[in-house]
Amino acid sequence: MTKRVLIAFIVLLFVSLSMCLNVGEMKKSFTVNINGTSINVELRTNIYLAKKTELINTTPEEIHKYYLTKPNIYINGTLNITPEEGGVTIIDFISKVKWLNHYYPHNIVVELERNGSYIYVDSLTKDGERIKTYVPIENMTKIINSNKTMVVSIIKGDGKAKIIKRGNRFIIEGNSLEELDKAESRFIMAMLLGK
């Protein structure tokens, strides 16, 4: 009888502790204060799952610093995957970065297609002007490699959710919609919160 009571007490204690620790992390949104304005940011997954994303060669603070200090953001990756494979995650990320341009102005370039020696891009300037055009690869390479550019590549890979930094490039990777959602949510949190 004493053993059963002790086991029940231990189970109850673990359940209570886990509930206390994770209630806030089960939310799929967070609030950030930008220039005195409180903004609610919706995520594709909950905070707890997003935090399971592996960070390689970077930290949330570094992602935050890049986002706040680089005037240009270049987005590319596996843009031709179906929504079920992760395409919806890519669209969500692009939409969020463009929406946040009202608060943190950047020149945003989204690579839509490579065609011979040209790249077809959809760009949004700091002033809100939208331009779709073909740009020679050599011109775009200069922008991509500039120390004023934060490059974000969203890739359907073969592993779990991870964010990898190589030079000025941050790779958001996952092997499924669920894993890409985790990595993208973690990246958005790092961009805006830095922790």
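The values are calculated or read from the model by the stated rules, or taken from the named source; none is laboratory data. Computed from a predicted model, the values in this text were never measured in an experiment. All Cβ positions, even for glycine, are placed from backbone atoms using ideal geometry, and neighbour counts span all protein chains on display. Just so you know, the surface numbers come from the protein's heavy atoms only, side chains and all, with ligands and any DNA or RNA stripped out. Shrake-Rupley method; radii C 1.70, N 1.55, O 1.52, S 1.80 Å.
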Practice task
Net charge near Ile131: determine it from the other residues with C-beta under 14 Å of the C-beta of Ile131, scoring Lys and Arg +1 and Asp and Glu -1.
Solution key: 0
Exercise for the section: Under 17 Å Cα to Cα from Lys27, which lysines show up? Leave out anything in the same chain fewer than 8 places away. Expected result: Lys51, Lys52, Lys182, Lys195
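Report the FRET efficiency, 1/(1 + (r/R0)^6), for Lys165 and Asn35, where r is their Cβ-Cβ distance and R0 is 22 Å, rounded to 0.05. Write down the numbers at each step before the final one.
On the way: r = 27 Å, r/R0 = 1.25.
Once rounded, the FRET efficiency stands at 0.20.
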Handout entry: Net charge of Cβ neighbours under 15 Å - reference Gly194; Lys, Arg +1; Asp, Glu -1
Key = +4
Handout entry: Structure-derived semi-axes √(5λ) of the Cα gyration tensor in Å: which label, when the choices are [x] 38, 19, 14; [y] 29, 20, 19; [z] 53, 19, 16
Key = [x]
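Give me the net charge for the shell around Ile144: Cβ to Cβ below 10 angstrom, other residues only, Lys and Arg +1, Asp and Glu -1.
+1
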Handout entry: Accessible-area value, Lys70, 1.4 Å probe, nucleic acids and ligands omitted, Å²
Key = 40
Completion exercise
On the accessible surface of region 54-193, probed at 1.4 Å with all protein chains in place, carbon and sulfur together account for a percent value of 50
Handout entry: Distance in nm between pseudo-label sites at Ile131 and His102 (7 Å out along the Cβ direction from Cα)
Key = 2.4
Exercise for the section: Over the chain, calculate the relative contact order: mean separation of alpha carbon pairs under 8 Å at least 6 apart, over the residue count, as a percent. Expected result: 26
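Run the helix sum for the chain: -39,500 (n - 2.57) per DSSP H stretch of 4+ residues, divided by residue count, reported at 222 nm to the nearest 500 deg cm²/dmol.
On the way: 6 runs with 75 residues, N = 195.
About -12000 deg cm²/dmol.
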Exercise for the section: Return the loop-located trypsin sites (Lys or Arg not before Pro) in region 98-156 (DSSP other than H, G, I, E, B) with at most 15 other Cβ atoms within 10 Å of their own Cβ; answer none if there are none. Expected result: Lys126, Lys148
Exercise for the section: For the chain, report the accessible area per residue in Å² (1.4 Å probe, heavy atoms, rounded to an integer). Expected result: 56
Practice task
Give a residue-ordered list of calculated ³J(HN,Hα) values for region 120-133 (Karplus: 6.51 cos²θ - 1.76 cosθ + 1.60, θ = phi - 60°; whole Hz; x for Gly, Pro).
Solution key: 8, 10, 10, 10, 10, 7, 4, 7, x, 7, 10, 9, 10, 7
Problem - Computed E for Lys27/Glu62 - FRET, C-beta separation, R0 30 angstrom, nearest 0.05 - result: 0.75
Problem - ³J(HN,Hα), Karplus 6.51/-1.76/1.60, whole Hz, each residue of region 44-59, x for Gly, Pro - result: 7, 9, 7, 4, 4, 5, 4, 5, 7, 5, 7, 9, 10, 6, 7, 9
